[in-house]
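Q: After the structure tokens below, expect a handful of questions from me.
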Amino acid sequence: MAFKLHYYLPLTLFLVSFIAHVAVVQSASSSPSKWSSKQREAADYDKWLSWNLENYRTQTTMVSELRSSRNRSGGSGGARESTKEGVSGVVDEALRKAEMNKMNISVGQDGTADFITITEALNSIPPPNTRRVILTIKPGVYREKITIPKSLPFITLLGEGDEPPLITGNDTASVTGKDGKPLRTFQSATVAVEANYFIAINLKVENTAPHEVGSRKGQAVAMRISGTKAAFYNCSFYGSQDTLYDHKGLHYFHNCFIQGSVDFIFGYGRSLYDGCYLNSTAKKVAWATAQKRSITSLESGFSFKDSVVTGSGHLYLGRAWGDYSRVVFSYTFMDNIVIPQGWSDWGDQKRDQKVYYGEYKCSGPGANLAGRVRWARMLTDEEAKPFIGTYYVQGDNWLIPS
């Protein structure tokens, strides 16, 4: 019983404090119906920022309380923490069971592996999958269009660090699919992951379709991640327009290379890019991100930490695909390709007071804040805190050290 009290008490306190905060915001004016649109947007931003700060504090407290409780009870934390499997913090039961029941499959083109293609290896896994299946992929060029369905969670694609395998394709949004209709952006991906708990390590994925300036149907996705609780370590993604479709869910990218020319990281995801390298191949003006947080209740946004922005052309850090787009860069080196304004509202000035584009302690010639748009945010230590740790993607309960 002591364990349960220590586990639920921080959550209860958080709920009470959050409800109280919302009540204060709602009662801040005696006539909320008379608020201007700017007042409503300011209140929405305050609630959103407060939620992030409280969420950060609560997750930190919960993990600390849980570990203290386990120490007092002689290490009996039940199934909620697993140091044996390398999982830190509080983990969900499905993940714990999957990591305790691993299996390995090898893929190689030299005839010495279990399967020659990645697709064949995936098709050998019976759905619904409940165990961690590691596909060890030998070096080589794999010309495949891969989809990992929702029924196959807990899949790991593992390449060799010295010579990562390359998965390549060249579909675009305008290519005709098997049904006789255009694929559209969503189906153009070389690798598409619908499943949860996906991991990729030492992997290269590319879409070789070129981007033609002015083309409206040149979207060509290399990687689409639509499942939640997905992690990418030491991976590279190559493309032109719409390289990485960070579609939806909680995602973590560590030491990854992302190359493109237009909106080469885009989507609804709530993702942390930690120590990543963003390389622009643009010939003229381009945008690194297009984050599509379209409603105030959507808990999404891209956070870049300890990263590098470089390459060619003239680059905006991001443009507002959604009215409430959220992107933050922290401790990031920005080369001189970054346009002084930094950010774009995509031609809709009504978004200026709704988007959340923040920068915190960045460096390099492109990080000069003098020319930034007036609605960009220069974050304080307190404001930046929720974005610069794995707690931003609730990583304490699902991230596994690579």
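Q: Which one is modelled with the lowest pLDDT among residues in region 346-366 that are hydrophobic (A, V, I, L, M, F, W, C) and open to solvent by less than 60 Å² (accessible area, probe 1.4 Å)?
A: Val355
Q: In addition: When only residues in region 303-326 that are at pLDDT 95 or above and not in a strand (DSSP E or B) count, which is most open to solvent (accessible area, probe 1.4 Å)?
A: Only one residue tops the list, namely Asp306.
Q: Given the criteria surrounded by 20 or more Cβ atoms within 10 Å (Cβ to Cβ) and farther than 29 Å from Leu203 by Cα, does Glu383 qualify?
A: no
Q: Between Asn196, Asn202, which is under 18 Å from Ile105 (Cα atoms) and among the polar types (S, T, N, Q)?
A: Asn202
Q: Right, something else. Would you check if there is a residue in region 203-220 being over 22 Å from Asp242 (Cβ atoms) and open to solvent by less than 20 Å² (accessible area, probe 1.4 Å)? It would help to see each step written out before you state the result.
A: Going through region 203-220, the residues over 22 Å from Asp242 (Cβ atoms) turn out to be none.
Scanning region 203-220, I find no residue that is over 22 Å from Asp242 (Cβ atoms) and open to solvent by less than 20 Å² (accessible area, probe 1.4 Å), so the answer is no.
Q: Name the residue that is nearest to Trp398 (Cα to Cα), counting only residues in region 276-302 that are small (Gly, Ala, Ser) and open to solvent by 30 Å² or more (accessible area, probe 1.4 Å).
A: Ser297
Q: Taking region 234-255, which residues are more than 18 Å from Asn397 (Cβ to Cβ) and either in contact with a His (Cβ under 8 Å, 6 or more places away or on another chain) or assigned to a loop (DSSP other than H, G, I, E, B) (or both)?
A: Asn234, Cys235, Gly239, Ser240, Gln241, Asp242, Thr243, His247, Lys248, Asn255
Q: Give region 327-336 a look and list any residue that's part of a loop (DSSP other than H, G, I, E, B) and buried (at least 19 other Cβ atoms within 10 Å of the Cβ), or say none. Don't jump to the end; show me each part of the working.
A: Let us first name the residues in region 327-336 that are part of a loop (DSSP other than H, G, I, E, B), namely 331-332, 335-336.
Across region 327-336, the qualifying residue is only Thr332.
Q: So how many residues does region 133-172 have that are farther than 16 Å from Val107 by Cβ, without any contact (Cβ under 8 Å) to a residue 60 or more places away in the chain and open to solvent by less than 60 Å² (accessible area, probe 1.4 Å)?
A: Going through region 133-172 one residue at a time, the tally reaches 6.
Q: Going through region 264-275 one residue at a time, which ones are part of a strand (DSSP E or B) and open to solvent by 20 Å² or more (accessible area, probe 1.4 Å)?
A: Passing the criteria: only Asp274.
Q: Something else: Examine region 187-199 for a residue that is assigned to a loop (DSSP other than H, G, I, E, B), among the charged types (D, E, K, R), touching a residue at least 60 places away in the same chain (Cβ under 8 Å) and in contact with a Leu (Cβ under 9 Å, 6 or more places away or on another chain), and state whether such a residue exists. Please lay out each step first, then the result.
A: Of all residues in region 187-199, those assigned to a loop (DSSP other than H, G, I, E, B) come to 188-190, 194-198.
If we keep only those that are among the charged types (D, E, K, R) too, we end up with 194.
Now narrow it down to the ones that are touching a residue at least 60 places away in the same chain (Cβ under 8 Å): none.
Among the residues of region 187-199, not one is assigned to a loop (DSSP other than H, G, I, E, B), among the charged types (D, E, K, R), touching a residue at least 60 places away in the same chain (Cβ under 8 Å) and in contact with a Leu (Cβ under 9 Å, 6 or more places away or on another chain), which makes the answer no.
Q: Search region 237-263 for residues being hydroxyl-bearing (Ser, Thr, Tyr) and surrounded by fewer than 24 Cβ atoms within 10 Å (Cβ to Cβ), and hand back the single one that is nearest to the chain's Cα centre (by Cα).
A: The residue in question is Tyr252.
Q: Condition (residue is in contact (Cβ under 8 Å) with a residue 60 or more places away in the chain, in a loop (DSSP other than H, G, I, E, B) and among the charged types (D, E, K, R)) applied to region 349-361: is it met by at least one residue? Working first, answer last.
A: At the first step, the residues of region 349-361 found to be in contact (Cβ under 8 Å) with a residue 60 or more places away in the chain are 353-354, 356.
From what's left, in a loop (DSSP other than H, G, I, E, B): 353-354.
Narrowing further to those that are among the charged types (D, E, K, R): 354.
Yes, because at least one residue in region 349-361 is in contact (Cβ under 8 Å) with a residue 60 or more places away in the chain, in a loop (DSSP other than H, G, I, E, B) and among the charged types (D, E, K, R).
Q: Spot the failing condition for Ser236; the list is (1) within 23 Å of Leu152 (Cβ to Cβ); (2) modelled with pLDDT of 95 or more, and only one is missed.
A: Single failed check for Ser236: (1).
Q: Looking only at region 283-300, which residues are of a type in the set (Gly, Ala, Ser) and at pLDDT below 95?
A: Ala286, Ala290, Ser294, Ser297, Ser300
Q: Continuing with this model, one more query. For region 109-158, name all the residues that are within 15 Å of Asn202 (Cα to Cα) and small (Gly, Ala, Ser).
A: Scanning region 109-158 gives a single hit, Gly140.
Q: So Arg374 fits all but one of (1) of a type in the set (Lys, Arg); (2) surrounded by fewer than 21 Cβ atoms within 10 Å (Cβ to Cβ); (3) outside any loop (DSSP other than H, G, I, E, B); what number is the exception?
A: All conditions pass for Arg374, except number (3).
Q: May I ask you to list the residues in region 222-264 that are more than 24 Å from Gly161 (Cα to Cα) and of a type in the set (Lys, Arg)?
A: Lys248
Q: Applying the selection to region 161-179, what residues are part of a loop (DSSP other than H, G, I, E, B) and either closer than 20 Å to Asn234 by Cα or at pLDDT below 85 (or both)?
A: Residues satisfying the conditions are Gly161, Asp162, Glu163, Pro164, Pro165, Ala173, Ser174, Val175, Gly177, Lys178.
The values are calculated or read from the model by the stated rules, or taken from the named source; none is laboratory data. Everything numeric here is computed off the predicted structure, so don't read it as measured data. Neighbour counts run over all protein chains shown; Cβ positions are idealised from the backbone, glycine included. When the accessible area is computed, the model is the full protein with side chains, heavy atoms only, and any ligands, DNA or RNA have been set aside. Shrake-Rupley method; radii C 1.70, N 1.55, O 1.52, S 1.80 Å.
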